[in-house]
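Presented below is the structure to which this report refers.
The values are calculated or read from the model by the stated rules, or taken from the named source; none is laboratory data. This structure is a prediction, so every number in the text was calculated from the model and none was measured. Backbone-built Cβ (ideal geometry, glycine too); neighbour counts: all protein chains shown. SASA here: full protein model, heavy atoms, side chains in, ligands and nucleic acids out. Shrake-Rupley method; radii C 1.70, N 1.55, O 1.52, S 1.80 Å.
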Amino acid sequence: MAAREFDPFRLDVEAFAKEGATLAGRWPLAQLDRLAESALAEPGSNVDATAGREVTWQVRGELRALRGGESQIWLQLNAHTELPLECQRCLKPVVSAVDTERSFLFVRGEDAAAQLDADSEDDVLALTRALDLRELIEDELLLALPLVPRHEVCPSPLPMSAADDEAAAEAPPHPFAGLAALKRGSRLN
Ligand SMILES: [Zn+2]
């Protein structure tokens, strides 16, 4: 008998786990709308920032036997992409790798899932026969985005540095700047 075909957009999670099945694939980044929105195009360029970029992923189902009870249903997920984000130092695009590796426990019923999810370090989801893996993978990659994307070394010269200096000159003094000056003064006395 041929292995059963599973649909990544309507995954029967329990059947998938019972077979210990694996699914893997790659999707154009542009198909993951919310993630694609984070991608920053080169200023002045009309090339789509997601062009040629992909999300690669793999999901494995697993049944874990529990003593004296029903087996647990698990999915192991990993996914990877690279996308240009806004460098928080120079504001130009910096291509950042985004990886996620997660385990999900599936239980029967939304209430049970919510309860267990709150009590457990694992992610607990309600069992479904029609799990949209793309939505799940997109959620996890969004959570894995770097909080402060930055070039290791920004392209030089920094195009913003002159503007920054001006902004700093016009900005009101930092409230503690006066205090620091006072301290320096008192130390001189
Ligand atoms: Zn930078």
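Under the simplified labelling scheme, the residue 51-residue 116 pair shows an inter-label distance of 4.6 nm, with each label point 7 Å from Cα along Cα→Cβ. Applying the Karplus relation 6.51 cos²θ - 1.76 cosθ + 1.60 with θ = phi - 60° to the range 25-34 yields 3J(HN,Hα) values of x, 9, 10, x, 4, 4, 6, 9, 3, 5 Hz, where x marks Gly and Pro.
Which of the peptides 96-103, 66-73 is most tightly packed, and how do the rest follow, judged by the mean count of other Cβ atoms within 10 Å per residue?
By packing density, highest mean first, the sequence is 96-103, 66-73.
Listed values for the range 6-22 are Karplus-derived 3J(HN,Hα) couplings in whole Hz (6.51 cos²θ - 1.76 cosθ + 1.60, θ = phi - 60°), namely 10, 9, x, 9, 9, 7, 7, 5, 5, 5, 4, 5, 4, 7, x, 7, 10, and x replaces Gly and Pro. Scanning residues 5 or more positions from residue 132 or on other chains, those with amide H under 5 Å from its amide H are 11, with H placed 1.01 Å from N in the peptide plane.
Please calculate how many Å² of accessible area the range 38-123 carries per residue, with a 1.4 Å probe and no DNA, RNA or ligand atoms counted.
58
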